[in-house]
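Since the structure comes first, as structure tokens, the remarks are kept for the end.
What follows is calculated from the coordinates using simple rules that are stated; it is not laboratory data. Not measured: the values here are computed from a predicted model. In this analysis, Cβ positions are derived from the backbone assuming ideal geometry, glycine residues included, and neighbour counts consider all displayed protein chains.
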Amino acid sequence: GRLVGVFALQGDVREHVHVLEALGAQTRLVRRPADLEGLDGIVLPGGESSVMDRLARIMALKDALAAALRAGLPAYGTCAGLIMLADGIQNPAPGQGSLGVLDVTVRRNAFGAQVDSFEEDLAVPAVSADPVHAVFIRAPAVLAAGADVEVLASVPASRLSVDPAGLGLDDDARLPVAVRQGRLLATSFHPEVTGDWSFHREFLAGL
Ligand code: GLN
């Protein structure tokens, strides 16, 4: 099996480990630069991206992880993990940065209000013949994506928990919620909590 790291300074680490191991991968918790050695890929979990960013800097993991990703380490980011991979954050927490490897600009906390998550069955033909059940928990929206970014699934802007017009969007605009750029895969939602493992399968198949 492949050896897949899970960024483990914050977030729903255990859920990803469970899915990856159930799909036959070996896993390693990644907390320091040495943990990156020999990985076939890495997963960045859901959680709170501003805390992930701060802890990654404190633990001197951020620069090493960014370098590994730039050198071609495949990654799959869910929710906060998507924010970590993104090149730009429209509404960062004070002092928050990102790894800056995925050519998208995201807006944090754009889907799924504080109390309720929002759920939707998404068509993702590139990844699954069946609709993928997606749960959005204070999830990021991808507001802009570069030409090299493949949009795998999208939802109407009317699903945002903020007024689309306030972001300069029409109600019938669609926003990417699953993207791929080279060896980077990212979703606004959390397949690790729903039991739909299509994206983890897709990620492992590419390693
Ligand atoms: N709102 C979180 C953030 O900014 C993401 C939420 C999640 O991962 N479920 O990182």
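Things worth noting here:
- By the helix-only formula, in which each DSSP H run with n ≥ 4 contributes -39500 (n - 2.57) and the sum is divided by residues, the chain has a 222 nm mean residue ellipticity of -6000 deg cm²/dmol.
- Between the range 1-77 and the range 158-190, the alpha-carbon center distance in angstrom: 24
- Put in order of Cβ neighbour count within 10 Å, fewest first, the listed residues 27, 78 become 27, 78.
- Ranked 84, 52, criterion: other C-beta atoms within 10 Å, fewest first: 52, 84
- When every Cα-Cα distance of the range 81-188 is counted in 10 angstrom steps from zero, the calculated P(r) takes the values 15, 48, 34, 3, 0 percent.
- Sites matching GluC sites (Glu not before Pro) across the range 1-65 that sit in DSSP coil, with at most 13 neighbouring C-beta atoms within 10 Å: 37
- Remark: relative contact order (the chain) = 19 percent; criterion is Cα-Cα distance under 8 angstrom and separation of 6 or more residues.
- Listed values for the range 85-91 are Karplus-derived 3J(HN,Hα) couplings in whole Hz (6.51 cos²θ - 1.76 cosθ + 1.60, θ = phi - 60°), namely 6, 4, 6, x, 10, 5, 10, and x replaces Gly and Pro.
- Arranged from fewest to most other beta-carbon atoms within 10 Å of their beta carbon, 83, 42 become 42, 83.
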